[in-house]
Amino acid sequence: MMNFVAFKDQHTMSKLFVSISILILLIVSFIPLITMAWVPNGSPSLGPMRMDKKSDGFLEVGCYGDYDKAMFARLDRLCEECYELYRVPDLFTQCRQSCFRNDYFPKCIEALMVTNEKEKLMEMVDILNRGRLFHPA
């Protein structure tokens, strides 16, 4: 009789272990779905998150086109390097003004000796400005 009780307890424990294991696997497999529900606009790896526009200055400088964080960061860094080169007050702000469509930005391209990239950089400016006609600067 003791063997039967021990076997029954062992069998029950085995079932309990399997049930708990399945529960843990289910919970772990649903974690990505749960976290995506809490992240605005889904996972950052699924594309650019619109909420970043305000924090990196995209809208602040008058960009209303396609938001591409890498492009914006590249152009922004160019203006930052131009300011660091000359240390002229407001140069950084003026270079970024009107979403990089101003007299300062092309001059910074020349000053930083990246004229070989000028066409590509100006294409980036155009992309960030798509739709700008519909928004005030």
Just the residues that are of a type in the set (S, T, Y) and exposed (fewer than 15 other Cβ atoms within 10 Å of the Cβ), please, taken from the stretch 72-111.
Y86, T93
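Taking only the stretch 112-125 into account, find how many residues are surrounded by 14 or more Cβ atoms within 10 Å (Cβ to Cβ) and either assigned to a helix (DSSP H, G or I) or not assigned by TED's automatic domain parsing to the domain that holds F58 (or both).
Of the residues in the stretch 112-125, 5 are surrounded by 14 or more Cβ atoms within 10 Å (Cβ to Cβ) and either assigned to a helix (DSSP H, G or I) or not assigned by TED's automatic domain parsing to the domain that holds F58 (or both).
Yes/no per residue for (1) modelled with pLDDT under 90; (2) within 20 Å of the chain's Cα centre (by Cα); (3) in the same structural domain as V125 (by TED's automatic domain parsing):
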{"position": "T12", "(1), (2), (3)": "yes, no, no"}
{"position": "K15", "(1), (2), (3)": "yes, no, no"}
{"position": "I20", "(1), (2), (3)": "yes, no, no"}
{"position": "C63", "(1), (2), (3)": "no, yes, yes"}
{"position": "L75", "(1), (2), (3)": "no, yes, yes"}
{"position": "K107", "(1), (2), (3)": "no, no, yes"}
{"position": "E110", "(1), (2), (3)": "no, no, yes"}
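The values are calculated or read from the model by the stated rules, or taken from the named source; none is laboratory data. Please read these numbers as outputs of a predicted model, since none were measured by experiment. Quick reminder, even Gly has a Cβ in these numbers, built from the backbone with ideal geometry, and neighbours come from all protein chains shown.
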